[in-house]
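First up is the structure itself, then whatever we jot down about it.
Quick note: the coordinates plus some simple rules give every number you see, no bench work behind them. Keep in mind that this is a model prediction, so the values were computed, not measured. In this analysis, Cβ positions are derived from the backbone assuming ideal geometry, glycine residues included, and neighbour counts consider all displayed protein chains.
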């Protein structure tokens, strides 16, 4: 009689099988929850890291935008300074021109002729004056044309002043062009 088992072994095996099944389900659910939690934590970490990188990039973009504005300001300042330097160099190169202009005006001036007005716009000079005769005006124009600093004297008007019949002075207007290039060549020859 020792080989007979009277206990309900099938129910015990079924119960044991059910317990193993429930434990497997609980284990699978726990493993799923742990996996999802680990995945969620990992993804949150990656998102946080990417947001930090994006914030850093935005900060660097703002810094570079400020640098670009500074560069634009510096470029504008550089252009203004270069324009000033250009004006100063132009003034330096034409500085002796005014001296030579007045020197030539005086040297070319014949007796019996005097100037009443001199206006200079760039290299164009407008002269007005009075002369005893038209020949003196012609002589003055020839002397101006012979100057290495002046050229293209052009007579605009000449008329007799009728106020004073005794003097009979003639008013004239002459346009002259100042030569800067030949003046600079002459200046280098003179050593100034």
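Restricting to Cα pairs below 8 Å that are 6+ residues apart, what does the relative contact order work out to for the chain? Please round to a whole percent.
Details: 162 pairs, mean separation 28.5, N = 192.
So the answer I get is 15 percent.
The stretch between residue 59 and residue 126, if pulled fully straight at 0.36 nm per residue, gains 17.8 nm over its current Cα-Cα span.
Find, to one decimal place in angstroms, the Kirkwood hydrodynamic radius of the chain, where the mean of 1/r is taken over every pair of different Cα atoms and then inverted. Show your work: numbers first, answer last.
Numbers: mean 1/r = 0.0378 Å⁻¹.
It is 26.5 Å.
Protection proxy ranking of 36-45, 101-110, by the mean of other Cβ atoms within 10 Å over each peptide's residues and highest first, is 101-110, 36-45. Provide, for q = 0.16, 0.22, 0.31 Å⁻¹, the log10 of I(q)/I(0) from a solvent-free Debye sum over equal Cα point scatterers in segment 62-114. Computed log10 I(q)/I(0) values: -0.67, -0.83, -1.04. Compared with the direct C-alpha span, the chain from residue 115 to residue 177 gains 20.7 nm at full extension, assuming 0.36 nm per residue.
When the alpha carbon coordinates of segment 94-150 are projected onto the principal axes, the ranges are 34, 20, 14 Å, largest first. Scattering from segment 80-181 was approximated by placing one identical point on each alpha carbon and applying the Debye formula without solvent; log10 I(q)/I(0) at 0.10, 0.13 1/Å stands at -0.33, -0.51. Working note: 222 nm ellipticity from helices only, DSSP H runs with n ≥ 4, each -39,500 (n - 2.57), summed and divided by the residues of the chain, gives -24000 deg cm²/dmol to the nearest 500.
What ranking, highest mean first, results for peptides 56-64, 138-146, 120-128 when packing means the other Cβ atoms within 10 Å averaged over each residue?
138-146, 120-128, 56-64
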